[in-house]
Ligand code: F0G
């Protein structure tokens, strides 16, 4: 991390921008109208109405010139593409796994792993759950259990690895469910608790326990590049990123990832050294994804992934996301804005329960805050709380333990002045937080990405009125 002369941190960009995409900042009145048209659901906004797209880091990371150039040398063959051979070699070089099964994205890998490795009724223990994973496990009649250390759920903390397994709980579950565990899934980093990393030592110990019980370990490396940065900087500064990657790869049986996140690209991959696992999964790739030398990924995207994966081994490159997130979180804290600490990967997570304590859980504080952030800044984040929570019965809303607004940090996409703009608007919003009210589900709306909600009262209009008073003509 570079510092200013004042010693304040400066997350200096370690790249220069060669291509740009025009973006627009709509006036606050249009943002209010867009929020209403979208049913206060940021998934329903269109790019025209969004200034900073911080919904996710998935598939929206900026590519390098080398990645774009690589697309032109892609070998567009249905079977036996040399692009596949080149990508396999790169994956072996980085992860030490000789079998590579391509799938079109992370959840497709999860579907293949679930169909191939989980029998009805079997359990999949994991450090923490993720929506796409749980869906696939349930689809094949499996069960899951999250075995995170309790400290992982404490939003404001100084624990460097909140994604760690409670190893005692892991051993207990493997003991009590002997013979009934399909595999243990290790998510590195951990999405739903604020992009928090798991330590290398914890991964290796968890894997050793699994081996004692003859249970396979599966590493979800979708958010791995941030996690690698945290291992190198917070745990093992004596090791290089490549060494850390290899040591962890040697400890686990299977690695899969969403290349929409890892590798600055698109697609997904399953890797293993175990021939019997490969032979079990390969026919499923052919059946559900595509011929096993492309597996539903466009060949151009596969070719660009080769360079993208090399970039994930570059320390300057992988530091940028976490450094930007730490900067954003640190500046927000100066205004007293409650964020998840320590700052993790993936994005800056705002604690909505504390930001709007007057909005009850039944009125969706995280959803309300996400809407208020969008209206005040044009930045769209993602609600991670009661609206997002998967539920069995739509009449029985879940009031989750966490109510977070995730402001994801697409890699190499935004500049520090854009982040400074966001900090300014969030500081204004925090001062005016009493104006933020709740949301309710409109009658008969489905509970999924396309939910429609409405504001309880006219708080969004009052927020806009105050914005105009305070900012004058400024957008
Ligand atoms: N595993 C993790 C840890 C993820 O964060 C995601 C996706 C997946 C698996 C599934 O990958 O989207 O390519 O199918 N996370 C996205 C997000 C959706 O916005 O956090 P996918």
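Here are the numbers:
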quantity: Qualifying position, being over 23 Å from the mean Cα position of the chain (by Cα) and part of a loop (DSSP other than H, G, I, E, B), among 179, 265, 194; calculated: 179
quantity: Condition met for residue 307 (within 16 Å of the ligand (Cβ to nearest atom), part of a helix (DSSP H, G or I) and under 17 Å from residue 75 (Cα atoms)); calculated: no
quantity: Candidate set: segment 256-292, residues that are more than 20 Å from residue 303 (Cα to Cα) and in contact with a helix residue (DSSP H, G or I) (Cβ under 7 Å, 6 or more places away or on another chain); chosen: the one farthest from the ligand (Cβ to nearest atom); calculated: 280
quantity: Matching option when the condition is under 23 Å from residue 107 (Cα atoms), away from the ligand (no atom under 15 Å from the Cβ) and either modelled with pLDDT under 95 or surrounded by fewer than 18 Cβ atoms within 10 Å (Cβ to Cβ) (or both), among 214, 141, 179, 131; calculated: 141
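Results for (1) in contact (Cβ under 8 Å) with a residue 60 or more places away in the chain; (2) on the phi > 0 side of the Ramachandran plot, shown as yes or no for each residue.
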{"residue": "16", "(1), (2)": "no, no"}
{"residue": "29", "(1), (2)": "yes, no"}
{"residue": "43", "(1), (2)": "yes, no"}
{"residue": "48", "(1), (2)": "no, no"}
{"residue": "52", "(1), (2)": "yes, no"}
{"residue": "59", "(1), (2)": "yes, yes"}
{"residue": "73", "(1), (2)": "yes, no"}
{"residue": "80", "(1), (2)": "yes, yes"}
{"residue": "84", "(1), (2)": "yes, no"}
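The values are calculated or read from the model by the stated rules, or taken from the named source; none is laboratory data. Keep in mind it's a predicted model, so treat the numbers as computed, not measured. Here the Cβ is made from the backbone with ideal geometry for all residues, glycine too, and neighbour counts use every protein chain on show.
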